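I have placed the structure first, in the form of structure tokens, so that the comments after it can refer back to it.
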Amino acid sequence: MPKRTPGFDYAGTVPGDTKKTLWTEFHAFSELPQQVNPSSGYLYNTNHSPFKASSYQDNLFPDDYPMEMGFDLRDNNRSLRFRELMADSGKISWEDFERIKYDQKLPSDLAYRTDMSLLFSLDAAKYPDIEKQILTLKNWNKEASVDSEGAALFAFIYYYWWDEFAKAGKSFDTQLTVEEAVQGIRAAKTHFETHFGKDLVRLGEYQKLVRGDKVLPIWGIDDVLTTIRSTPWENGMRKAAQGESYILMVKFGEDLPIIESINVYGASNRPDSPHYADQMERFFKSGSETNDPG
């Protein structure tokens, strides 16, 4: 990592007409933020700040490092949810470990780049045409199970504004207005009525795991611990495209380690192989058994 002159925003383009922005040295490895064997016994990262990687008492302090290093300081939904589930110290069981891995719930306070909190505070009485959808979001337990109508509704609105902001060249670091929240809900209702013949659908109806001719309903939305980011597919549905992939869980003890692994599709990329899609059912079951529908 280069040693940079303080006073410039290195997250973007820096001035090229001064030698002050020209770096010529690297930080030594020992100068970088790092943790080894914290007292809590665990480290974690969900693409969030490295200064929030263990229990509170073990975390590093960003003020101890040059801000020009450019490390992320924010949490995301996965890091906040992990913090809700993980104890600050002590041991957890294998069953708890597996439950955390396959958790499908958003944290109490959402941390998407776009603040979508207004979706959950609209006055349903003011919008009788979408009263049912507003109440569904208010009563949603924030869990992205296959049976959840709230998860499907939220997922549609999330992707709807993702696309709209991208088309308009608008930053995702913003807050949905009341008008935008209402617009997104109405768009979802129209979409579901058009493609599914009803104004609310379950997540497993709307989102699929697709490999060749095999199609399964799939749980998860963007930025839950079991992240599933989907793309438009066919007949108004979406298919999983990013997030969960190859998973490896290891148990250490007195004997040799016990290793469990799974791939969302299978162990082969050849359509003619019997292992092209032979792990899909097991993958779906792994997430379904550790979460309650909501």
Exercise. Does region 8-23 contain any residue that is surrounded by 11 or more Cβ atoms within 10 Å (Cβ to Cβ) and under 22 Å from residue 61 (Cβ atoms)?
Worked result: yes
Exercise. Can you find even one residue in region 242-254 that is touching a residue at least 40 places away in the same chain (Cβ under 8 Å), farther than 26 Å from residue 156 by Cβ and among the aromatic types (Phe, Trp, Tyr)?
Worked result: no
For this session: Go through region 132-172 and give me each residue that's among the acidic types (Asp, Glu) and under 16 Å from residue 118 (Cβ atoms).
Result: 164
Problem set entry | Residue satisfying all of: in region 117-135; open to solvent by less than 30 Å² (accessible area, probe 1.4 Å) and not in a loop (DSSP other than H, G, I, E, B); farthest from residue 151 (Cα to Cα) among these | 124
For this session: Just name the residue that is modelled with the lowest pLDDT out of those in region 160-183 that are of a type in the set (S, T, N, Q) and not in a loop (DSSP other than H, G, I, E, B).
Result: 175
Exercise. Restricting attention to region 267-283, does a residue exist that is touching a residue at least 24 places away in the same chain (Cβ under 8 Å), surrounded by 18 or more Cβ atoms within 10 Å (Cβ to Cβ) and within 30 Å of residue 108 (Cβ to Cβ)?
Worked result: yes
Exercise. Given the structure, is residue 35 in a loop (DSSP other than H, G, I, E, B), out of contact with any His (no Cβ under 7 Å at 6 or more places or on another chain) and at pLDDT below 95?
Worked result: yes
Exercise. Out of 223, 199, which single residue is touching a residue at least 60 places away in the same chain (Cβ under 8 Å), open to solvent by less than 60 Å² (accessible area, probe 1.4 Å) and closer than 18 Å to residue 144 by Cβ?
Worked result: 223
Seminar exercise, completed: Exactly one of 254, 193, 260 is part of a strand (DSSP E or B) and open to solvent by 60 Å² or more (accessible area, probe 1.4 Å), and that one is 260
Exercise. Considering region 80-101 alone, what residues qualify as being assigned to a loop (DSSP other than H, G, I, E, B) and not hydroxyl-bearing (Ser, Thr, Tyr)?
Worked result: 86, 87, 88, 90, 91, 92
For this session: Tell me which residues, restricted to region 65-79, are at pLDDT 95 or above and assigned to a helix (DSSP H, G or I).
Result: 77, 78, 79
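The values are calculated or read from the model by the stated rules, or taken from the named source; none is laboratory data. No experiment lies behind these values; they were computed from the predicted model shown. Backbone-built Cβ (ideal geometry, glycine too); neighbour counts: all protein chains shown. SASA here: full protein model, heavy atoms, side chains in, ligands and nucleic acids out. Shrake-Rupley method; radii C 1.70, N 1.55, O 1.52, S 1.80 Å.
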